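Here's the structure we're looking at; comments come further down.
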Amino acid sequence: MNMATATVRTRPQREVESHRPSLRLVAARPLTAARLPFALFIGAILSAGLVALLLLHTMAAQDAFRLQALQKASAALDDTEEQLAVANQQQEAPAALGARARALGMVPTGSIAYVDLHHHGKVVGVVQAAAPPPPPPAPSASPSPSPSASAATKSAQANKKAAKTTTNRRVTPAHRGRGGRLTP
């Protein structure tokens, strides 16, 4: 290398070094101040999550209680429906239908006839009048009532007569006593 170029190169370095400020060691900032907001933020997130979890758990418990009450009501309604179905089946039984028909004065018929709607409304079968219903049985006369039975019958008749007279009595101002009460 050339000596002249070496001196040229060293001169600018010396000039740069003389103008450069001296470096010194600076104390580090404490990191606790930067960690505090982060810790508070994480704590707030965890607290909000805990509150949300408790609210969800409470709502689930309320729903469970509501579900249990609805299941009880449904079971009671199922029992009622079953009882009504049994009562309906008993009323639809042939014996029950026959008894209700006889109570209405209906009698069984010996012939069956119906209107056939597929063939222009023709009557199929032979129509015959039903026999009249048998007369109701006459009350049987008892031999002689016992003395206690006749006394009971007389007292019942007396009670009916007394009830009849009290219901027919009119209330007029002359019959009213003090305080708007009825006087005999």
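Worth a mention:
- Index of the failed condition, residue 66 passing every other in (1) at pLDDT below 95; (2) basic (Lys, Arg); (3) within 38 Å of the chain's Cα centre (by Cα): (1)
This table checks each residue for (1) surrounded by 10 or more Cβ atoms within 10 Å (Cβ to Cβ); (2) at pLDDT 90 or above; (3) at positive phi; (4) not in a helix (DSSP H, G or I).
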| position | (1), (2), (3), (4) |
| --- | --- |
| 90 | yes, yes, no, no |
| 95 | no, yes, no, no |
| 106 | yes, no, no, yes |
| 148 | no, no, no, no |
| 165 | no, no, no, no |
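- When the test is whether a residue is aliphatic (A, V, I, L, M) and not in a helix (DSSP H, G or I), residue 123 passes it.
- Any pair with Cβ under 6 angstrom, 6 or more apart, that starts in region 103-125 at a residue that is over 22 Å from residue 137 (Cα atoms) and ends at one that is assigned to a helix (DSSP H, G or I) and not aliphatic (A, V, I, L, M): none
The values are calculated or read from the model by the stated rules, or taken from the named source; none is laboratory data. Quick caveat: nothing in here was measured; it's all calculated off a predicted structure. A quick note on method: Cβ atoms are made from the backbone with ideal geometry, for glycine too, and the neighbour counts reach across all protein chains shown.
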